[in-house]
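Trainee: Shown below is the structure under consideration.
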Amino acid sequence: MSEVEVQSSEIHERAKEALGDAHLQEALRSSTLRLYTRRLQAVREVPAFERLRDRAREIKREVMDHLDYYLEQFAENLERRGGKVHWAATADEACATVLGIARNAGAREVAKAKTMVSEEIELNRALEVASIRAVETDLGEFILQLAGERPAHIVAPAIHKTRGDVADLFAARIDPVRTEEPEGLTAIARQALRAMFARAEMGVTGANFAVAETGAVVLIENEGNIRFSTTAPRVHVALVGIEKIIPRLADLAVFLRLLARSATGQKLSSYTSILTGPRRPGEDGPEEMHAVLLDNGRVATLADEKMREVLYCIRCGACLNACPVYRNIGGHAYGWVYSGPIGALVTPQLAGIDRARELPFASSLCGACREVCPVKINIPDLLLHLRSKAQQSSTVAEPAGCRRPSGLRSSSQVKQARRPSGPRQPYERTSMRFWAWVMMRPRVYTLCTRLARLAQGLFASRREGDLQKWIRRFPTAPLARWTDGRDLPALAPKSFRERWKETSGKP
């Protein structure tokens, strides 16, 4: 099975393309702003929202401290109810397990629900090689499958496409009668997928949560396609990252109140399915239920005391919608399955820091991601930690395949050297040393800021209707490299200390 490359080293080029694509910029701006605003409104309706976040974080910490115990408890309880549990250390093992289940079931067609884990392990490619047709039944994933693209967002995979884009795609691939009406587009997809549910011998889903106490797999959605995928086919396979375990069914209530509000601004998603094994007499559902528990680098992350916090993530996508970097460059610029601030943490952990060394630097460290994270992952702090690791690691790439975590077997060869990240140019080192020297001398710092305030008059200007002055562009390097991608706020006419002296003792 061929391996897919992490293309994080191309983030600079991809970001530049994204910034120059006006159509993409509008799609990203409208979609992320809408999700971000809805989240704010939904959070205001919950007076104890911060306490919920604290409780969720405590639960996640408890799980990671005793993950082996809770995994065994989940496996025992699911198998007691007739389900089958499989353990997969790598992506290849997970794909081989799913293929084995499909062959035993005689499956030639598979109905797939949205699952980031299946994207991570390249399951669709593995099924295609085995001549098994996999059809994405989530609307966003279905759109991307037709377009031959990867997801651009954890929750809204087709966030980078407008209604016009989808209308053009459907007219070219499904129905020649073009429409941009959401109801019409949904009807076209529904008609195309309905027969698939009836034909598919196997359904594949992910898992939002897995409850150790009951052996239940919890699936959360808005479209209803997951219920079709888990009920209509004879066999159901759930791909479960081992970090998705929660201890008790009562804990699920905490995460249900957080997840939908953080992801889409809803009080609760339209459908919440709690599956506890294959169907029993008088019930609907599959004859067989399998849960594939996937490691693929998660155990190594668990062993890293500093980075263990990454495994708290519940994949809500809130950090993407809040991130000024993601909102401008989109998900594809990150070069792999996981994007945005959490992707800049997850990808180096699962794929290896040498294959994803650029990603921790793709952040302004503004802290917006930490403020919206429902489990309070300290993303900026972890990004700084990874930046340090990236600087210390070798500049020569490890094997280019990324579907296995760093340190596990890999058949690919060393192909190229990655460009080193961070401050490595001589002038950058010199400027950092000068900055440190100035910061340690208050009088020198005061003098330098006064000189800088005078010099910026050559470059600073006000935007229309803006009281703040901005430096839009410096004419020469190295400062020009900063303003190539962002505006720089001008220094205030007076420093805080100067204003304090003027107002000291006055009401």
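Since every read-out is calculated from the coordinates, none of them should be taken as a lab result. Since the model is a prediction, treat every value here as computed from it, not as a measurement. So basically every Cβ, Gly included, is an ideal-geometry build from the backbone, and we count neighbours across all protein chains shown.
Trainee: Do you know the relative contact order of segment 264-394, to the nearest whole percent, from alpha carbon pairs under 8 angstrom that are 6+ apart?
Mentor: Working: 134 pairs, mean separation 26.9, N = 131.
Here the relative contact order equals 21 percent.
Trainee: Sticking with this structure for a sec: For segment 48-298, how many pairs of lysine residues have a Cα-Cα distance under 24 Å, where the two are 8 or more positions apart or belong to different chains?
Mentor: 12
Trainee: Given Cβ point charges of +1 (Lys, Arg) and -1 (Asp, Glu) and nothing else, what value in debye, to the nearest 20, does the dipole of the chain about its Cα centre take?
Mentor: The dipole magnitude comes to about 2440 debye.
Trainee: In percent, how large is the relative contact order of the chain, given Cα pairs closer than 8 Å and 6 or more residues apart? Before the final figure, lay out each step's value.
Mentor: Working: 878 pairs, mean separation 96.8, N = 507.
Result for the chain is 19 percent.
Trainee: Three principal axis extents, largest first, for the C-alpha atoms of segment 205-351, in Å?
Mentor: Computed over the Cα atoms, the extents are 51, 34, 29 Å.
Trainee: Give the distance, in whole Å, between the Cα centre of segment 338-362 and the Cα centre of segment 274-319.
Mentor: First find each Cα centre; the distance between them is then 21 Å.
Trainee: At a 10 Å Cβ-Cβ cut-off, how would you order Leu256, Leu458, fewest neighbours first?
Mentor: Ranked by crowding around the Cβ, least crowded first: Leu458, Leu256.
Trainee: Would you calculate the convex hull of the Cα atoms in segment 48-88 and tell me its volume per residue in Å³?
Mentor: Spread over its residues, the Cα hull of segment 48-88 gives 92 Å³ apiece.
Trainee: Here is a follow-up. Compute the length gained on full extension between Arg462 and Arg443: take 0.36 nm times their separation in residues and subtract their Cα-Cα distance, giving the result in nm to one decimal.
Mentor: Using 0.36 nm per residue and subtracting the Cα-Cα distance, I get 3.9 nm.
Trainee: Turning to a different aspect of this structure: With unit charges on the beta carbons (Lys and Arg positive, Asp and Glu negative) and the dipole taken about the Cα centre of the chain, which residue among Asn124, Thr264, Pro475 sits farthest to the positive side?
Mentor: Value computed over the given set: Pro475.
Trainee: Please enumerate, by chain and number, the aspartates and glutamates with C-alpha under 20 Å from the C-alpha of Lys376, excluding those fewer than 8 residues away in the same chain.
Mentor: In chain and number order, the partners are Glu45, Glu50, Asp54, Glu58, Glu62, Asp65, Glu243, Asp251, Asp304, Glu305, Glu309.
Trainee: Can you pull out the chymotrypsin sites (Phe, Trp or Tyr not before Pro) in segment 171-268 that DSSP calls coil and that have at most 16 other Cβ atoms within 10 Å?
Mentor: none
Trainee: Calculate how many DSSP beta bridges within the chain are antiparallel, expressed in % of all such bridges and rounded to the nearest 5.
Mentor: Values: 15 of 40 bridges.
The antiparallel fraction comes to roughly 40 percent.
Trainee: Straight-line reach from Lys469: which lysines have Cα under 21 Å away, leaving out those fewer than 8 places along the same chain?
Mentor: Answer for Lys469, where 21 Å is the Cα cut-off: Lys494, listed by chain and number.
Trainee: Here's a follow-up. Kirkwood Rh, segment 224-303, all Cα pairs: how many Å?
Mentor: Mean inverse Cα-Cα distance, inverted, gives 14.8 Å.
Trainee: Considering the Cα trace of segment 13-152, what is its radius of gyration and what is Dmax, both in angstroms?
Mentor: For segment 13-152, the Cα radius of gyration and maximum Cα-Cα distance read 20.4, 56 Å.
Trainee: Still on this model: What would the Debye formula give as log10 I(q)/I(0) at q = 0.12, 0.16, 0.17 Å⁻¹ for the alpha-carbon point model of segment 48-298, no solvent?
Mentor: At q = 0.12, 0.16, 0.17 Å⁻¹ the computed log10 ratios are -0.71, -1.23, -1.36.
Trainee: Same structure, new question: Assign unit charges at the C-beta atoms only (+1 for Lys and Arg, -1 for Asp and Glu), then state the dipole size of segment 76-213 relative to its Cα centre in Debye, rounded to the nearest 20.
Mentor: 420
Trainee: Around Arg450, what is the net charge, scoring Lys/Arg as +1 and Asp/Glu as -1 over all other residues with Cβ under 12 Å from its Cβ? It would help to have the intermediate numbers written out before the result.
Mentor: Details: positive: Arg443, Arg453, Lys494, Arg497; negative: Glu498.
Value of the local net charge: +3.
Trainee: With Cβ to Cβ distances under 13 Å as the rule, what net charge do the other residues near His23 carry (K, R +1; D, E -1)?
Mentor: Here the count lands on -2.
Trainee: Nothing charged except the Cβ atoms of Lys and Arg (+1) and of Asp and Glu (-1): what's the magnitude of the dipole of segment 39-148 about its Cα centre? Round to the nearest 20 debye.
Mentor: Rounded to the nearest 20 debye, it is 380 debye.
Trainee: Moving on to the next point. Quick check: convex hull of the Cα atoms in segment 426-503, volume per residue, rounded to a whole Å³? Let's see the in-between values first.
Mentor: Working: hull volume 8.4 nm³, N = 78.
Taking only Cα atoms, segment 426-503 has a hull volume of 108 Å³ per residue.
Trainee: At what distance in angstrom do the alpha carbon centres of segment 36-61 and segment 145-204 lie from each other?
Mentor: 32
Trainee: With 10 Å bins from zero, work out the P(r) of the chain over every alpha carbon pair and list the percent per bin.
Mentor: 4, 17, 27, 26, 15, 7, 4, 1, 0
Trainee: So what are segment 150-207's ellipsoid semi-axes, whole angstrom, largest first, if each one is the square root of 5 times an eigenvalue of the alpha-carbon gyration tensor?
Mentor: 22, 18, 9
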